[in-house]
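The values are calculated or read from the model by the stated rules, or taken from the named source; none is laboratory data. This one's a predicted model, so the numbers in the text were calculated from it and none came from an experiment. Here the Cβ is made from the backbone with ideal geometry for all residues, glycine too, and neighbour counts use every protein chain on show. Ligands, DNA and RNA are excluded from the accessible area calculation, which covers all protein heavy atoms including side chains. Shrake-Rupley method; radii C 1.70, N 1.55, O 1.52, S 1.80 Å.
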Amino acid sequence: MAKIGRYEIVEELGNGEMAAVYLARDPFIKREVAIKVLAYELTQDPLFLKFFHQEAEAIASLEHPAIVPIYDFGMHGVQPYIVMRYMPKGSLQTRLKRRGLTRQELCDLMGRIAEGLDEAHLLGIVHRDVKPSNILLGEDGRSYLTDFGLALLADSETKGDIFGSPHYVAPEQAISSASVVPQSDLYAVGVILYEMFTGQRPFEGAAPLEIAMKQMGEPPPSPQEVRPGLSPALTAVILKALAKEPGDRYGNGNLL
């Protein structure tokens, strides 16, 4: 049986450009875990190694019920890995495709994530990549924030780089990570709320740069125009979260 450290690999859960994630079993305490392993071809790049260690550091410093906890960190040859709680219900991205969630359930899911972001922000950590695929669902049906690989700690030296997923990136983040603030994460929460309640994202485009330009310069279509019948109160919440200027957005995660 293949192993990473002491952990027995069961199956691969996902494989991206930066890392692969595996379902594994901890034989010592008889529980399933998720293991995130940095891609082998990136192990020679100091920047990616730094981001990976930064993610472990960020998660380890956070103790909040809405943030996926880290159990262990180690090296598999030259590849660093993070051991985390296994979330068997998948991501919010997958759940949204199936539909069927009530308005209250949607608000509860994102309200919980906003609370977790508030905790991170208090510790000087801005996630910078909040999106449905980085929100996992536990056995209890609750939402959990994961993937702090791009998190900007207070002492980070990478403030000149541009990161994030273009559909969810705030206008200031599309310009430069030097401008990222806690309200940048809350903008992403606004995009997710828009997507949840209208069935589409506020900005689309043929290329990431086109989407980023729209984030910076175009007002989002009113959620009520996209989904007639949406309440004025919820529409106002979403549009405030999507304000172009960080100071015009909510000051914390108490949106819903």
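Considering only residues that are of a type in the set (Lys, Arg) and either open to solvent by less than 20 Å² (accessible area, probe 1.4 Å) or assigned to a helix (DSSP H, G or I) (or both), which ones fall in the range 173-225? Once the filter is applied, which keeps residues that are of a type in the set (Lys, Arg) and either open to solvent by less than 20 Å² (accessible area, probe 1.4 Å) or assigned to a helix (DSSP H, G or I) (or both), the range 173-225 yields only 214.
The set of residues from the range 62-77 being within 30 Å of residue 108 (Cβ to Cβ) and open to solvent by 60 Å² or more (accessible area, probe 1.4 Å) comprises 63, 65, 71. Among the conditions (1) under 14 Å from residue 59 (Cα atoms); (2) surrounded by fewer than 18 Cβ atoms within 10 Å (Cβ to Cβ); (3) in contact with a strand residue (DSSP E or B) (Cβ under 9 Å, 6 or more places away or on another chain), residue 122 misses just one, which is (3).
Total residues in the range 10-31 satisfying the condition of being of a type outside the set (Phe, Trp, Tyr), part of a strand (DSSP E or B) and closer than 25 Å to residue 93 by Cα: the figure is 11. A search for C-beta distances below 6 Å between a residue of the range 125-143 that is under 18 Å from residue 200 (Cα atoms) and open to solvent by 20 Å² or more (accessible area, probe 1.4 Å) and any residue that is of a type in the set (S, T, N, Q) and part of a loop (DSSP other than H, G, I, E, B), counting only pairs 6+ apart in sequence or on different chains, returns 131/165.
Restricting attention to the range 226-242 and to residues that are touching a residue at least 24 places away in the same chain (Cβ under 8 Å) and part of a loop (DSSP other than H, G, I, E, B), the residue that is nearest to residue 106 (Cα to Cα) turns out to be 230. The single condition among (1) surrounded by fewer than 18 Cβ atoms within 10 Å (Cβ to Cβ); (2) in contact with a His (Cβ under 9 Å, 6 or more places away or on another chain) that residue 80 does not satisfy is (1).
Applying the criterion of being in contact with a Leu (Cβ under 6 Å, 6 or more places away or on another chain) and in contact (Cβ under 8 Å) with a residue 40 or more places away in the chain to the residues of the range 1-31, the residue that is surrounded by the fewest Cβ atoms within 10 Å (Cβ to Cβ) is 23.
Evaluation of residue 54 against the conditions (1) out of contact with any Leu (no Cβ under 6 Å at 6 or more places or on another chain); (2) surrounded by 16 or more Cβ atoms within 10 Å (Cβ to Cβ); (3) at pLDDT 90 or above; (4) of a type outside the set (A, V, I, L, M) shows that the sole unmet condition is (3).
Okay, residues lined up against (1) in contact (Cβ under 8 Å) with a residue 60 or more places away in the chain; (2) part of a strand (DSSP E or B); (3) in contact with a strand residue (DSSP E or B) (Cβ under 8 Å, 6 or more places away or on another chain):
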residue	(1), (2), (3)
33	no, yes, yes
49	no, no, yes
56	no, no, yes
72	yes, yes, yes
75	no, yes, yes
80	no, yes, yes
95	no, no, yes
110	yes, no, yes
